[in-house]
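The values are calculated or read from the model by the stated rules, or taken from the named source; none is laboratory data. Values in this document were obtained by computation on a predicted structure and should not be read as measured data. Reconstructed Cβ throughout: ideal geometry from the backbone, glycine too, with neighbour counts over all protein chains shown. For accessibility, only protein heavy atoms count, side chains too; no ligands or nucleic acids. Shrake-Rupley method; radii C 1.70, N 1.55, O 1.52, S 1.80 Å.
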Amino acid sequence: MRFHLRSRSGEEIVLYLRPGNPAAPIEMAGPANLCGTVSTLLKMSLTGLSATSEDLLSLCEYDPVFRHWFRLEAVVKDGEPDPAQREDAKFAAMEPIYPSQVAAMRLGERLIAASLVTKEQLDEALKGIQEQMPHLQVGEILCGRGYLRHKTMEFFLDPVTQMNTAFLTLRLGERLQAAGVVDDRDVHRALQCQQWLPLSLGRLLVLNGSVSQSTADFFGRLTIEPTDLSLQA
């Protein structure tokens with residue numbers, strides 16, 4: 001059974017009770033700081049970090065201290081879909097993004113569209129080129145200032161080549177890894193969570209704070225060009 005919570009700052013965390021055990025260990029996935037807060041709150045009311053589903057539900061719904069920090073959004077039984085929809089259905093309902101559309105943008109515009117840098121960070125990099133480092137490219141400055149990973153910059157420098165058919169057949173988590181948005185450590189942590197939490201790799205990467213929801217949405221919306229589909233048919 002999964003308990004989907006929302007913090008006061010709007011971040012999500014999922015608590016999970018493994019089936020087949022009356023008082024099961026409580027597993028959790030979400031940003032590290034939220035997991036620490038939840039652990040502290042649970043230890044105040046439970047023996048260790050184990051509970052029955054009824055005890056955990058009662059705590060989430062009625063404990064005044066717990067409710068001060070977190071709001072219970074959904075309780076999902078094992079085998080039921082995630083309340084945020086399955087990823088493929090979610091992205092199918094969104095406006096698609098084609099590689100040619102990304103290629104028509106400047107590098108900075110591509111990175112902003114993917115929510116990998118902010119407009120303020122881009123403006124800062126452009127100002128640095130104009131005033132202090134005219135020999136550097138905008139992507140190099142963004143990487144140098146820690147706003148962007150080099151692998152991700154290289155991916156977005158040539159979107160038509162990088163966003164090829166093989167890339168677009170990957171699942172969300174695999175796309176994020178291929179583009180360098182997440183690293184092996186992020187994926188390892190998500191895979192560890194996936195051993196006990198029945199959610200997709202991409203969903204867990206977002207939950208754990210390895211990538212923002214808006215960046216995940218951008219990569220999930222990337223789609224094969226309609227002309228490519230007609231050729232395949």
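For the reader, a short list of remarks on this structure follows.
- The alpha carbon radius of gyration of the range 98-190, expressed as a multiple of 2.2 N^0.38 Å, is 1.13.
- Counting all C-alpha pairs of the chain, share separated by more than 21 Å (%): 62 percent
- Cα gyration tensor shape of the range 168-233, rounded if a/c is under 1.5, else prolate or oblate by comparing a/b with b/c: prolate
- Segments 176-182, 218-224, 120-126 sorted - mean Cβ within 10 Å per residue, highest first: 176-182, 218-224, 120-126
- Normalised contact order of the range 1-155, rounded percent, pairs of Cα under 8 Å and 6 or more residues apart: 18 percent
- Whole-percent carbon and sulfur share, accessible surface of the chain, 1.4 Å: 52 percent
- Rolling a 1.4 Å probe over the protein heavy atoms gives the range 1-69 an accessible area of 50 Å² per residue.
- Solvent-accessible surface of the range 128-233, averaged per residue with a 1.4 angstrom probe and all protein chains in place: 52 square angstrom.
- Secondary-structure-derived ellipticity at 222 nm for the chain, considering helices only, amounts to -14000 deg cm²/dmol, per-run term -39500 (n - 2.57) for DSSP H runs with n ≥ 4.
- Each Cα pair under 8 Å and six or more residues apart adds its separation to the average, and for the range 153-233 the resulting relative contact order is 29 percent.
- Loop trypsin sites (Lys or Arg not before Pro), the range 1-76, which have at most 11 other Cβ atoms in a 10 Å radius of their Cβ (DSSP): ARG8
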